[in-house]
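These notes are about the structure you will find just below.
A short reminder: the numbers here are calculations on the coordinates, not readings from a lab. A quick note: this is a predicted structure, and the numbers were derived from the prediction, not measured. Cβ coordinates were reconstructed from backbone atoms using ideal geometry, including for glycine residues, and neighbour counts include every protein chain displayed.
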Amino acid sequence: AQSVTQLGSHVSVSEGALVLLRCNYSSSVPPYLFWYVQYPNQGLQLLLKYTTGATLVKGINGFEAEFKKSETSFHLTKPSAHMSDAAEYFCAVSLPRGGYQKVTFGTGTKLQVIP
Amino acid sequence: ETGVTQTPRHLVMGMTNKKSLKCEQHLGHNAMYWYKQSAKKPLELMFVYSLEERVENNSVPSRFSPECPNSSHLFLHLHTLQPEDSALYLCASSQGGGGASPLHFGNGTRLTVT
């Protein structure tokens, strides 16, 4: 079984401030972890993913996330928020199922960027 | 055209209507998914097709009927829906064979049931 918990359904930051979106997971096997972003009136798109290897993962638009096994966490960060970062962010854990992925999503965090 | 395309983008239907949602992927993927996204709820996986065979059906009411005629196309047939079925319906695809493959989403169909 697998689950994802995102702390904070809404996060507000000032433009130029650090962005930190929290994600904790549980998984019965070594996890594949993802962050997706959803802009208004669009589908989800991949920001970054962790599979194996380096625990600090860099994604698009200056975002990165660190896999911490001991804390079962995969928090998303960006050093300096931009207005265009305003969107909803979803953390997800994926389990291979022989030909497809069984993906469990968190409930999402809406990021507001204040000018 | 590339990626995952969903049509229509918006759909308003009465409870007695029959309509279909269409999804097409141009990525050569072999798995396709239907998700339901409602306000204040996690994304709900509805159906999964792998190599055109339905492999998951997550207790979805029979008023939703999926169809996957080939690996590039996925449909969701709708009939006698309820107002609580109003939501954003997202189609996704992935390259199967391992959990490391990300999902690629379309922009969704915003469904309103009146």
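Each distinct pair of alpha carbons in chain B adds a 1/r term; the inverse of their mean, the Kirkwood radius, is 14.1 Å. Once the C-beta distance of B:E67 and B:K19 is scaled by a Förster radius of 22 Å, the resulting FRET efficiency is 0.95 to the nearest 0.05.
State, as an integer percentage, the relative contact order of chain A based on alpha-carbon contacts under 8 Å between residues 6 or more apart. Worked out over chain A, it gives 37 percent. Contact order, relative form, for region B:22-66: 27 percent (alpha carbon pairs under 8 Å, 6 or more residues apart, mean separation divided by residue count). Comparing A:V57, A:V29, A:V19 in a Gaussian network model of chain A (Cα springs below 10 Å), the most mobile by mean-square fluctuation is A:V29. Work from the charge dipole of the protein assembly as shown (Cβ charges, +1 for Lys and Arg, -1 for Asp and Glu, about the Cα centre) and give the residue of B:Q37, A:L46, A:A87 farthest towards its positive end. Among B:Q37, A:L46, A:A87, the one farthest towards the positive end of the dipole of the protein assembly as shown is B:Q37.
Once Lys and Arg get +1 and Asp and Glu get -1 on their Cβ, which of B:S94, B:S62, B:H26 lies farthest toward the positive end of the dipole of chain B? Farthest along the dipole direction, towards plus: B:S62. Legend: calculated FRET efficiency, A:S28 to A:N61, from the Cβ-Cβ distance at R0 = 41 Å, rounded to 0.05, equals 0.80. Just checking the listed ones, A:Y100, A:Y39, A:Y25: in the Gaussian network model of chain A with Cα springs under 10 Å, the one fluctuating most is A:Y100. In percent, rounded to a whole number, the relative contact order of chain B is 37, using alpha-carbon pairs under 8 Å and six or more apart. Only Lys, Arg, Asp and Glu carry charge here, each on its Cβ (+1 for the first two, -1 for the last two); on that basis the protein assembly as shown has a dipole of about 240 debye about its Cα centre. Each Lys or Arg adds one and each Asp or Glu takes one away; over the other residues whose Cβ falls under 12 Å from the Cβ of A:V103, this sums to +1. For region A:56-97, a Kirkwood hydrodynamic radius built from all Cα pairs, placed in the Stokes-Einstein relation at 4 °C and 1.567 mPa s, yields a translational diffusion coefficient of 108 µm²/s.
The residues A:L56, B:L21, when put in order of fewest to most other Cβ atoms within 10 Å, stand as A:L56, B:L21.
Once you order the gyration tensor axes a ≥ b ≥ c over the Cα atoms, which shape class does chain A get: rounded for a/c under 1.5, otherwise prolate or oblate by comparing a/b with b/c? Here chain A falls in the prolate category. Placing unit charges on the Cβ atoms only, positive for Lys and Arg and negative for Asp and Glu, gives region B:7-114 a dipole magnitude near 380 debye about its Cα centre. Here region A:52-115 and region B:17-95 have alpha carbon centers that stand 24 Å from each other. Projected onto planes of every orientation and averaged, the convex hull of the alpha-carbon atoms in the protein assembly as shown covers 12.6 nm².
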